[in-house]
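Chemist: After the structure tokens below, expect a handful of questions from me.
Each value in this text was obtained by applying a stated rule to the coordinates, not by laboratory testing. It should be emphasised that the depicted structure is a prediction, and the values quoted were computed from it without experimental measurement. Here Cβ is always computed from backbone atoms with ideal geometry, including for glycine, and neighbour counts include all displayed protein chains.
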Amino acid sequence: GNNLNFATDAVERMRIDSSGNVAIGHTSTGGSNFAICDGANSQIQFFAEISTDTNLIQHYDPTATAYMNSEHRANSYEFKIGTSNAVKIDSSGHVLIGTTTEGEAGADDLTLATTGHTGMTIRSGTSSEGAIFFSDGTSGDDEYRGFVQYLHSSNTLRFGTNSAVRMLIDS
């Protein structure tokens, strides 16, 4: 047909179909413009053999206002809207929302920043609960040494220390 096929050892390795879609490791793109398939271990790898940046920029079109950037030299992932970082995961694993600067060193794993009111919402079902737990271990009471917990079924707010409720505010 109108396909361009590339093969080694008489086995097709890549196909460019009549629409310009590219399939690597498979005879079809499955409806995508570009597809890679080798069973269970498909991957795309970009690398530089010198210390320059290797970036993977993913966006809808060249004038896109939202895109993802993976930066080799900074070892970070950035999700941008316009020229601003919406979310950044830096080389230390900090998640930064609305900023590129982490917060105070004792609480810098997740930083939320805006120029106005800033907050976080924990939404759960009407008969469920929303909670923040403070843990110093991975089993038993160590998983919830301190906590703030809202129980929607009884409209109760609970505060706990040393794995026990210490204050309860009911409706």
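Chemist: Treat each spin label as a single point 7 Å out from the Cα along the C-beta direction, and report the Ile122 to Phe79 distance in nm.
Modeler: 2.1 nm
Chemist: Points 7 angstrom from Cα along the Cβ direction at Asp142 and Ile16: gap in nanometres?
Modeler: Taking the two extended label points, one gets 5.8 nm.
Chemist: Which whole-Hz ³J(HN,Hα) couplings does region 143-151 yield from phi under the Karplus relation 6.51 cos²θ - 1.76 cosθ + 1.60, θ = phi - 60°, glycine and proline marked x?
Modeler: My calculation for region 143-151 gives 6, 8, 4, x, 7, 10, 9, 10, 9 Hz in order.
Chemist: Distance from the Cα centre of region 111-171 to that of region 7-27, in angstrom?
Modeler: 53 Å
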